[in-house]
Amino acid sequence: MADRLSSLPDDLLHSILRDLPLKHAARTSALSRRWVPLWIRALADSPVLDFTDRDFARGQPPARAAATVGRCLRLHAEHGAPLDAFRVGLVSPPGPIYGAFGRDVVVWIAAAVARGAREVEVDLTPSQEGAAFLELPGELFQARNSLERLALGHLSLRAVPLPAAGLAGLRSLSLSHTDATDEALRGVLASCPALESLSLRCCSLLTAVSVASERLRALELLGCRAVLELRVAAPALESFALYGNVILSAADWCESVAVDFGAAPALRNVYLAHMDGCDYLDPNHDDYYPFVYHVPQPRILTLCSVGLVVPRFSLDSDDDRFDHLPHAHVNGGEATYIDMPNLQELQLLMGSLEEEGDQDPRYPERVYYFFQFTSLPVLERLFIRLSSNPANGSSSATALTDEDEDEDDKDIRFGGRENVLGQLTFIKVVNFRGTRRERRLVGFLLKRAPILEQLVLVTAGGGGAPGDELLEDIQEWVSALQKASREARTSVCRPSEDESPNHAHTRFFHEEYCCM
């Protein structure tokens, strides 16, 4: 095989190597001496040096991986090629002191910045718990440079004097598992007047985040479990993602406004998911309210089951605690409701719909109250993602009798206002097992969607997947359901068979992050 490859023209071999990951391109030098200059040429011609492939450092000590990164940087510089992006992800060596490894990392960042790189990404995953952050030297970002995107993981900016001229051109900043404090973050942001995207991930020292930016378009606050206050002044903001505390108590709220988004007329894309370890609802405390009340204007929303709580507001006309929530209404003697006038696409991340006890925030009735007391005048697409774990309390599916169906209807009837999903045309339920409560929810929605065009039920996979007989039973049941729309098409399929549209948000942060 080596001889056959070696017989190809150099230009063709070069084009092949240029498209290979760096690790695999370097390995070709083992074929023959002829390949050594070929992969070095491919390296030198590439404007991107990317060492974030998980396989890159697997099976070799951190020092050896660091030596490879350093050698490639030197070879690239010796050939005089421009460097546009430098990315590296390594496991740091054990021990509290980084030593030579830490000095190498600092040299890499400094070299990339000095050579005009527009993007620098460095993530040092600790090899043991409690490892210290690698502190970046104060002079690293003092001079103006070409940086537009900076992503740092497990690194410290505490020694960098702020404001820093080297951060002035940043359009994207990501800080992950850093020791940034509230004050330090404000100093960093003050250095970034052109910032358009900010991601804060698992920064355990942040408690009161304040973001003020005229150009910021995307904000992520993921796994920062200590954050209790968020103030955002970003008139151009289009996208916001929160994986943290999506419910707030009236006690905190009345003493000071814990969340203030100011005017964000462009905000159209919101993701809200509650993080394990954050506060949960107290069933004996009525004055909880959901974070979503502060961002009621998006067109696209993902909301977890914890965020479905509908609070009880005082009917006292002298109670002005809710004046800063213009979309929340107290309608005489009826329940509170909220307007979401622009929402077109909604995804609900649900736990099990089975009975789980009064103190569990995923109590099944909450989803019905949400639809009953939330005004959704332009909602077109609804996605419900049930738990993929069959151990979350879901009982095995059983056939639904007429008696059960009548009982379910009584369970979910409400007095007062009756919401109709008048523009809803598409519903998709994922990880559907056909349990009694799951069927009840589907029936509830079908009766309130007069122009529905399609309902898709995607069954659970793995150990919770239904057999052929149950699949047929679900299909027969859903076909016979009472529907407000005569034109609604229904289908039941396995995940491998699903070709229907998905929600705009396909990343689920509760499955990605574990920030202790």
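The values are calculated or read from the model by the stated rules, or taken from the named source; none is laboratory data. Worth saying up front: this structure is predicted, and the values here are computed from it rather than measured. Positions of Cβ are generated from backbone atoms using ideal geometry, with glycine treated the same way; all protein chains shown enter the neighbour counts. Quick note on the areas: whole protein, heavy atoms, side chains included, nothing else; ligands and nucleic acids left out. Shrake-Rupley method; radii C 1.70, N 1.55, O 1.52, S 1.80 Å.
When each of the peptides 118-128, 495-505, 164-174 is scored by the mean number of other C-beta atoms lying within 10 Å of its residues, the order from highest to lowest reads 164-174, 118-128, 495-505. Under 5 Å from the amide H of Ser375 lie the amide H atoms of Ile338, Asp339, Met340, each residue being 5 or more positions distant or on a separate chain, with H modelled from the backbone and absent for Pro and chain starts.
Remark on Glu135: its backbone amide H falls under 5 Å from those of Ser156, a criterion applied only to residues 5 or more positions apart or on other chains, H modelled at 1.01 Å from N.
To the nearest 10, the accessible area of Asp339 is 40 Å² with a 1.4 Å probe. For region 41-146, the convex hull spanned by the alpha carbon atoms encloses 99 Å³ per residue.
Heavy-atom accessible area with a 1.4 Å probe sorts His154, His79, His510, largest first, into His79, His510, His154. Go through Leu228, Leu155, Val122 and say which Cα lies farthest out towards the positive end of the charge dipole of region 122-230; charges sit on Cβ, +1 for Lys and Arg, -1 for Asp and Glu. Farthest along the dipole direction, towards plus: Val122. Overall form of region 105-217: oblate. Here a/c, set by the Cα gyration tensor axes a ≥ b ≥ c, is 1.5 or more, and a/b is not larger than b/c. Taking 0.36 nm per residue of separation and subtracting the current Cα-Cα distance, fully stretching the chain between Gln142 and Arg186 would add 14.1 nm. Overall form of region 152-203: oblate. Here a/c, set by the Cα gyration tensor axes a ≥ b ≥ c, is 1.5 or more, and a/b is not larger than b/c. Note on region 477-516 and region 84-125: Cα centroid distance 42 Å, given to the nearest whole angstrom. Please work out whether region 113-160 counts as rounded, prolate or oblate from its C-alpha gyration tensor, where a ≥ b ≥ c are the square roots of the eigenvalues and a/c under 1.5 means rounded, while otherwise a/b larger than b/c means prolate and anything else oblate? Cα axes put region 113-160 in the oblate bin.
The slack in the chain from Ser491 to Arg437, taken as 0.36 nm per residue of separation less the alpha-carbon distance, amounts to 17.6 nm. In order along region 227-233, the phi-based Karplus estimate (6.51 cos²θ - 1.76 cosθ + 1.60, θ = phi - 60°) of 3J(HN,Hα) comes to 5, 10, 9, 9, 10, 10, 10 Hz; Gly and Pro are listed as x.
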